[in-house]
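Report on the structure given below.
Just so it is clear, none of the values below were taken in a lab; they were calculated from the coordinates. Keep in mind that what you see is a predicted model, and the values were worked out from it rather than measured. Backbone-built Cβ (ideal geometry, glycine too); neighbour counts: all protein chains shown.
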Amino acid sequence: MSDAEVGRFTVGVFQDAAWAAKGLASLKQAGFPVDSLTIIAKESPETGALVDLHCGAGAERFELPAVGAVVARGPMLEALGGADLRRVGLSGSMRRVGFQPHDGRIFEVLTGRGGVLVAVRSEPRAADALAILHSYGGGNAAIGAWTGRL
């Protein structure tokens, strides 16, 4: 357990890599830097290419409880606690970035069904990120704001 501030993220889950690509392109066009973006998705050729295109080459590949093999890259991975994320999954670690456990469970189920989780670290522009995620089909898009103890 830690009280360290890890930043807040705006998160949405797209139905597939094609929809996520549209949302990510719009985020970049709106001026969100690549190093603020995180993608977590079930491993496939399409999602691997998506991560490489929008976050740079070098996607991490690992297993997530309740999801399976994933490809991922971005600042939210470190904020979720690395090893803790791999041990407890999204449902158990999303509290670290301002979401309650039930939110993490929703993100976990949608990602496990083949959705593509996209997160943006941009507290000053969180509302802009949220609007873009919603506009391009980012389901259950929300801004992490819960500040309870970890």
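Brief remarks on what is shown
Per-residue answers, yes or no, for (1) over 21 Å from ALA131 (Cβ atoms); (2) of a type in the set (Lys, Arg); (3) free of Cβ contacts under 8 Å to residues at least 40 places away in the same chain:
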site: ALA18; (1), (2), (3): no, no, yes
site: LYS22; (1), (2), (3): no, yes, no
site: LEU27; (1), (2), (3): no, no, no
site: SER36; (1), (2), (3): no, no, no
site: ALA41; (1), (2), (3): yes, no, no
site: PRO45; (1), (2), (3): yes, no, yes
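- Set side by side, the residues PHE62, PHE32 differ, and just one is in a strand (DSSP E or B) and either in contact with a Lys or Arg (Cβ under 7 Å, 6 or more places away or on another chain) or touching a residue at least 24 places away in the same chain (Cβ under 8 Å) (or both), which is PHE62.
- Residues satisfying the stated conditions in the stretch 106-130, i.e. of a type in the set (Gly, Ala, Ser) and either in a helix (DSSP H, G or I) or within 13 Å of the chain's Cα centre (by Cα) (or both): GLY112, GLY115, ALA119, SER122, ALA126, ALA127, ALA129
Rundown of residues vs (1) surrounded by fewer than 23 Cβ atoms within 10 Å (Cβ to Cβ); (2) closer than 23 Å to GLU46 by Cβ; (3) in contact with a Pro (Cβ under 7 Å, 6 or more places away or on another chain), yes/no style:
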site	(1), (2), (3)
ARG87	yes, no, no
SER91	yes, no, yes
VAL97	no, no, no
VAL109	yes, yes, no
GLY112	yes, yes, no
VAL116	no, yes, no
PRO124	yes, no, no
LEU130	yes, no, no
LEU133	no, yes, no
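- Test: residue in the stretch 105-116 that is over 18 Å from ASP16 (Cα atoms) and of a type in the set (A, V, I, L, M): no
- Some residue of the stretch 29-39 being under 20 Å from ARG113 (Cα atoms) and surrounded by fewer than 22 Cβ atoms within 10 Å (Cβ to Cβ): no
- From the options ASP103, ASP84, residue that is charged (D, E, K, R), over 15 Å from VAL34 (Cα atoms) and over 13 Å from the mean Cα position of the chain (by Cα): ASP84
- If the condition is being part of a helix (DSSP H, G or I) and free of Cβ contacts under 8 Å to residues at least 60 places away in the same chain, then the stretch 79-93 contributes ALA83, ASP84, LEU85, ARG86, ARG87, VAL88, GLY89, LEU90, SER91, GLY92, SER93.
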